[in-house]
Amino acid sequence: MNKQYFEKVFSDERMHKYFDKYPSDESKAILHYQCNIQISEAFYPCLSVLEVALRNAINREFKTKFGVDDWYNRFHTTPGFSYLLKDINVAQTNITKRRELVNPSKVVAELTFGFWTRLFNSEFELNLWKDLRRAFPFMPKKERQRKNVSAPLNTFRNFRNRVFHNEPICWNLTKLKQIHDEMIQVMSWINTDLPAWIEPFDRFELVLEDVKEKLK
C-alpha cells in the first residue's frame, strides 16, 4: 500500500495533509492517518457518556421547568425559541419516518448534540440559564456561569463533528489531552460518579501514549 493507493481509496483531499506533513516518508504519512483513526475511536466512550449524561440532565430540568414530559412542544409558544424548532421538527420527522411512535423519550434521544449545546448560547441566557445551571449540580458555584459551560460544550461539539466525519484531529496531541480532560471535568459537574465509572473502559490515555510513540 503506497501513496497512490491511499489517495485512490480515501481521496486526494483527505490524504494530502498527511503526505504534505511527511513529503519524503510515505510510510510515516500513512501511519499518521492510521493513528488519527485510532485516537478518534478512543474518544468514543467520553463523547458517548458526555452526550447522554448532558441531554438527560437537561431533559430532567426542562421537565421541571415546564411541568410536562414533552417540554419541547412548549417551545412553539415561547418567545425567542423559534430557532430551536427546526431541530425539534426534524427529530420528530425522523422518528415518524421510521414508523415509530413519537414520544418524549424518543424525541430526547433523537435531538442532536448540537441542539443541546446550543441551549447554552448567550441568546438563551435570560430564558434558560437559571434552569439549565441545575443540570450541573457539582460545578463549583463560583464558576457556575453560562459562559463557563457554553465554551467547553461548543469545543466538544466542533470536536465531535470532526471525529464523526473522519477529519484529522491528531496534529496537536497536547490539545487532545486537554480536550479529554475537559470532557471528564464537565462529566463530573453533571455527576461526580461518572469519571470513575468510565475509567475502566476509557482507553484514551493508553492510545495517546501509543500514538506518541509511533509518531516520534
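No value in this document is a laboratory result; all are computed from the given coordinates. Predicted model only: the values in this text are computed from it and were never measured. Every residue, glycine among them, receives a Cβ derived from its backbone with ideal geometry; neighbour counts consider all protein chains shown.
Seen from all sides and averaged, what is the projected area of the convex hull of the Cα atoms in the chain, in nm²?
Values: hull surface 58.4 nm².
So the mean shadow area of the Cα hull is 14.6 nm².
At 0.36 nm per residue, minus the direct Cα-Cα distance, what do Thr64 and Phe164 gain on full extension? Give it in nm, one decimal, please. Walk me through the intermediate numbers first.
Details: separation 100, 0.36 × 100 = 36.00 nm, distance 3.26 nm.
Additional length available on full extension: 32.7 nm.
Tell me which lysines have Cα within less than 17 Å of Lys97's Cα, excluding those fewer than 8 residues away on the same chain?
Lys86, Lys106
Using the Kirkwood formula on the Cα atoms of the stretch 1-42, what hydrodynamic radius do you get, in angstrom to one decimal?
Working: mean 1/r = 0.0976 Å⁻¹.
Evaluated on the stretch 1-42, it is 10.2 Å.
If R₀ is 30 angstrom, what is the calculated FRET efficiency for the pair Arg74 and Glu199, using the beta carbon separation as r and rounding to 0.05? Could you put the intermediate results ahead of the total?
On the way: r = 38 Å, r/R0 = 1.27.
E between Arg74 and Glu199, to the nearest 0.05, is 0.20.
Report the FRET efficiency, 1/(1 + (r/R0)^6), for Thr174 and Lys141, where r is their Cβ-Cβ distance and R0 is 25 Å, rounded to 0.05. Before the final figure, lay out each step's value.
Numbers: r = 30 Å, r/R0 = 1.21.
For R0 = 25 Å, the calculated efficiency reads 0.25.
Between Ser27 and Lys130, what is the spin-label point distance in nm, taking each point 7 Å from the Cα along the Cα→C-beta axis?
Using points 7 Å along Cα→Cβ, the separation is 6.5 nm.
Going down the table (Lys28/Lys212; Lys3/Lys212; Lys21/Lys175; Lys8/Lys214), which pairs top 21 Å between alpha carbons?
Values: Lys28/Lys212 13 Å; Lys3/Lys212 23 Å; Lys21/Lys175 18 Å; Lys8/Lys214 25 Å.
Correct reply: Lys3/Lys212; Lys8/Lys214.
Apply 1/(1 + (r/R0)^6) to the Cβ-Cβ distance of Thr155 and Lys97, taking R0 = 41 Å, and write down the FRET efficiency to the nearest 0.05.
Numbers: r = 32 Å, r/R0 = 0.78.
For R0 = 41 Å, the calculated efficiency reads 0.80.
Would you mind working out the magnitude of the charge dipole of the stretch 1-42 relative to its Cα centre, with +1 at each Lys and Arg C-beta and -1 at each Asp and Glu C-beta, to the nearest 20 Debye? Intermediate values should be presented prior to the final figure.
Values: 6 positive and 7 negative charges, 6 e Å.
That gives a dipole near 40 debye.
Which whole number in µm²/s is D for the stretch 33-77 by Stokes-Einstein, with the Kirkwood Rh taken over Cα pairs at 20 °C and 1.002 mPa s?
Working: Rh = 12.7 Å.
For these conditions, the coefficient is 168 µm²/s.
Hey, rough spin-label estimate for Met1 and Lys214, points 7 angstrom out along Cα→Cβ, what's it come to in nanometres?
With each label point 7 Å from Cα toward Cβ, the separation is 1.0 nm.
Hey, rough spin-label estimate for Val52 and Phe10, points 7 angstrom out along Cα→Cβ, what's it come to in nanometres?
Once both label points are built, they end up 2.9 nm from each other.
What are the membrane-span-like helices in the chain by this rule: whole DSSP H runs, Cα extent along the axis at least 27 Å, mean Kyte-Doolittle hydropathy at least -0.5? Could the numbers behind the result be given before it?
Values: long enough: 44-66 (32 Å, 0.03).
Helices meeting the criterion: 44-66.
Tell me the Kirkwood radius of the stretch 95-216: reciprocal of the mean inverse pair distance over distinct alpha-carbon atoms, in Å. Please list the in-between numbers first.
Numbers: mean 1/r = 0.0596 Å⁻¹.
Across the stretch 95-216, the inverse of the average 1/r is 16.8 Å.
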